[in-house]
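The values are calculated or read from the model by the stated rules, or taken from the named source; none is laboratory data. Keep in mind it's a predicted model, so treat the numbers as computed, not measured. FYI the Cβ positions are ideal-geometry reconstructions off the backbone, even for glycines, and counts take in every protein chain you see. Surface accessibility is based on the protein's heavy atoms, side chains included, excluding ligands, DNA and RNA. Shrake-Rupley method; radii C 1.70, N 1.55, O 1.52, S 1.80 Å.
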Amino acid sequence: MGILSFCFLVFSIHKLVDAQITTEPSEVAAINKLIDYWGLSSKLNLTTDPCTQGASWAAETANPRIACDCPANICRITHLKIYALDISGELPPELFQLTELMDLNLGQNILSGSIPPGIAKLFKMQYLSLGINNFSGLVPMELGNLTKMKSLSFSSNNFNGPLPVDLGNLTSLEQLYIDSSGVSGPFPQELSSLKSLQTVWASDNGFTGKLPEFFGTFTNLTTLRLEGTALEGPIPSSYAALTKLEDLRIGDLGGEDSTLDFLVNLTSLSILSLRSSRVAGEIPSQIGSFPDLQTLDLSFNKLTGAIPNSFQDSQSLHFLYLGSNRLNGEIPSNIITPQLRALDVSFNSISGNLPANFVKIRRSMNVVGTLVNGDGLLDGKASEISDCLLSGNKCTEKVPVDSFAVKCGGSQQSSSYGVRFDDDSETLGASSVYTASNNKWAVSNTGSFISNPNGPQYTAQTASQITGTLESELYKTARISPNSLRYYGLGLRNARYNVELHFSEIQMDDSESWKGLGRRLFDVYIQGERVLQDFNVKEEARGSKRALVRSFETNVTNTIIDVHLVWAGKGTCCIPVQSTFGPLISAIHVSRASIGTGSSNDNKKQVGMIVGITLGGVAAIFIIASVFYLWRVKKTPEHVPIHIDSPKKSRTSI
């Protein structure tokens, strides 16, 4: 009896083992190969079956993560996440043996090479994330085989060439993240079949041609970002059908002008940015009454007419940017609502008065280049800036200065070569103007870092040593801006000046990590002339936390110098964190150029003066010497003391 019981027990155990769920052997081999190839054995040690129920690596929060579907005795791997672990190398063929994958997240690593055609084998894929890596080559047309795809991301890579027309097969696609991916050319017409799209991030690419008309048929869209491309306007009127839009950002357009008429029914908008989009005409009054609109940026356009009074009634608007347009009339008297945090109306022909308690309620505002008055809004010198920057105004300075220097974002510092860089540690807001205590310079900032996890910060700092310079401390702080950062030199003598701009990339790493893949690009204008375009500090300096100086010459003809740093929608948006972009500068030193480098008329006058003084001096010396010689000839040879003054030096040194 005991023997029979023992045999039955052994048989039962054997049957139980046979009934246990196991992973498809080929997938076990593949996943182990991937772990070995990407060096993950210390993070994912599969001592048991990959699809073991309750395994620590199967939890939704696990990273790395392997999750499975086990409809029968054989399990198949359906989820694989290796996220932000700095795995390197290419996509090995073993990856494409996991043919049941539905969710693959390889984002924020340093994977390189091209995406192999074998990706077509993952035909059950629904969520594919390859963003923030070093992939290159063409975006493979085989992605078009993954027709069950709901979310596709290959943002922040180094692809080239056009989007494949095969992506038009992804009719279930809801999310498309391709910003900063390197693709170029026109949007394929075949993409017009992607009617399920809800989110499109496509900024900072080389897209060309007209803004796609067919985007207006994506009526499920809630988010559309198209900044920093080579696309051309006008903005199609078909976009008026996108009534579900909550976040619309189009910018940096060429081509024809647009109007804002398409916006009047887009009442779900929370974020609306059409900065530098060649938008002309008047602002529709309906926009001011959108119930959820929090951020509105219409700056750097051709808008005319008055600011609608409807903005006075907004219950939601936090940030309103209307600077650098052609607006006129009076500013609405009650535009400063309790919710409004920042208002930029700079460089417009508008006038009027702000509430007397404006400064006390702690709102930030920029009215430089306007006729707007506000109690305590602009101090005397800032008011002078505003007047001098108005078109047609001529300014003079009773006690002109010849230089100024600013330690951007930091405290006062003297350099080893004797230049004192003024303190610039004043806290600026989303639309601010600050004038230095010595009245030699001022700074203005405009823009909001939307979704910044660190809050509204407009300076950067580092404790790291800055290389490539003897002035490391000068570069350890910087001013940053999400849109427009301007430094003004004030009360300068009208002459020619040297402008030294000091940079160091202290926010983005250049380490061998995904955190080193960020790219910052911005433009620099001096006196309205663009002197740097798509300027990449890290690339130019050959690394982060390295000093870089760029020098220029310019003329001052109206006592003011304007150094303008502008974000034109280019560069990565989210490395190492969201809202890491926009212009950055460490220090500015402006000094008058040496005599002889001014305008041609001034040069002629100076040369004539010098020649005249030189000839006069030579003639005087000759006459005195002759008189002295004749006098000595007449005297006896005895030693008589003679007192003769030396020839007078001219007032101008030769």
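The gain in end-to-end length when the Gln312 to Phe214 segment is fully stretched comes to 31.7 nm, 0.36 nm per residue minus the alpha carbon separation.
Please report the carbon-and-sulfur percent of the accessible area for the stretch 39-112; probe 1.4 Å, protein heavy atoms only, DNA, RNA and ligands left out.
After summing per-atom areas, the C and S share lands at 46 percent.
Other residues lying with their Cβ under 15 Å from the Cβ of Gly281 contribute a combined charge of -1, Lys and Arg counting +1, Asp and Glu -1. In percent, what relative contact order does the stretch 496-568 have, based on Cα pairs under 8 Å that are 6 or more apart in sequence? Reported relative contact order: 43 percent.
Overall, the anisotropy analysis places the stretch 220-267 in the oblate class: the square-rooted eigenvalues a ≥ b ≥ c of its C-alpha gyration tensor yield a/c not less than 1.5, with a/b not exceeding b/c. Each Lys or Arg adds one and each Asp or Glu takes one away; over the other residues whose Cβ falls under 10 Å from the Cβ of Phe218, this sums to +2.
Tell me, rounded to the nearest percent, the portion of alpha carbon pairs in the stretch 221-365 spaced more than 17 Å apart. Can you show the working numbers first?
Details: 6128 of 10440 pairs.
For the stretch 221-365, the fraction of Cα-Cα distances above 17 Å is 59 percent.
The stretch 94-236: D in µm²/s via Stokes-Einstein (Kirkwood Rh, Cα pairs, 25 °C, 0.890 mPa s)?
Values: Rh = 15.1 Å.
In µm²/s, the coefficient is 162.
For the residue pairs Lys43/Lys515; Lys244/Lys515; Lys43/Lys545; Lys150/Lys244; Lys515/Lys538, the C-alpha atoms sit more than 23 angstrom apart in Lys244/Lys515; Lys43/Lys545. With an a/c value of 1.5 or above and a/b not larger than b/c for the gyration tensor axes a ≥ b ≥ c computed over the alpha-carbon atoms, the stretch 408-526 is described as oblate.
The three principal axes of the Cα atoms in the stretch 512-551 give end-to-end lengths of 39, 17, 9 Å, sorted in falling order.
Shown here: the stretch 78-170, whose C-alpha atoms stretch 31, 31, 21 Å along the first, second and third principal axes, sorted largest to smallest. Comparing Cα centroids, the stretch 335-356 and the stretch 206-266 end up 28 angstrom apart. Selection among Gly131, Ser172, Ile115 by position relative to the dipole of the stretch 109-199 gives Ser172 as farthest towards the positive end (Cβ unit charges, Cα centre).
If I take R0 = 25 Å and measure r between the Cβ atoms of Asn353 and Thr427 in this structure, what FRET efficiency does the formula 1/(1 + (r/R0)^6) give, to the nearest 0.05? My answer for the efficiency is 0.45.
So, for the stretch 148-198, what is the accessible surface per residue at a probe of 1.4 Å, expressed in square angstrom? Walk me through the numbers on the way to the answer.
On the way: 1790 Å² over 51 residues.
Result: 35 Å² of accessible area for each residue.
Residues whose amide H lies under 5 Å from that of Gly281, counting only those 5 or more places away or on a different chain, are Thr304; hydrogens are built 1.01 Å from N in the peptide plane. Is the C-alpha gyration tensor of the stretch 197-285 telling us rounded, prolate or oblate? Criteria: a/c under 1.5 is rounded; beyond that, a/b larger than b/c is prolate, otherwise oblate. Judged from the Cα gyration tensor, the stretch 197-285 comes out oblate (a/c at least 1.5, b/c at or above a/b).
Assign unit charges at the C-beta atoms only (+1 for Lys and Arg, -1 for Asp and Glu), then state the dipole size of the stretch 429-544 relative to its Cα centre in Debye, rounded to the nearest 20.
Values: 12 positive and 12 negative charges, 88 e Å.
Dipole size: approximately 420 debye.
Within the shell defined by Cβ-Cβ distances under 15 Å, the residues around Ala62 carry a net charge of +1, with Lys and Arg each +1 and Asp and Glu each -1. Taking label positions 7 Å along the Cα-Cβ direction at both Asn45 and Ser333, the computed distance is 7.6 nm, reported to one decimal. The stretch 114-185 and the stretch 465-518 have Cα centres spaced 36 Å apart.
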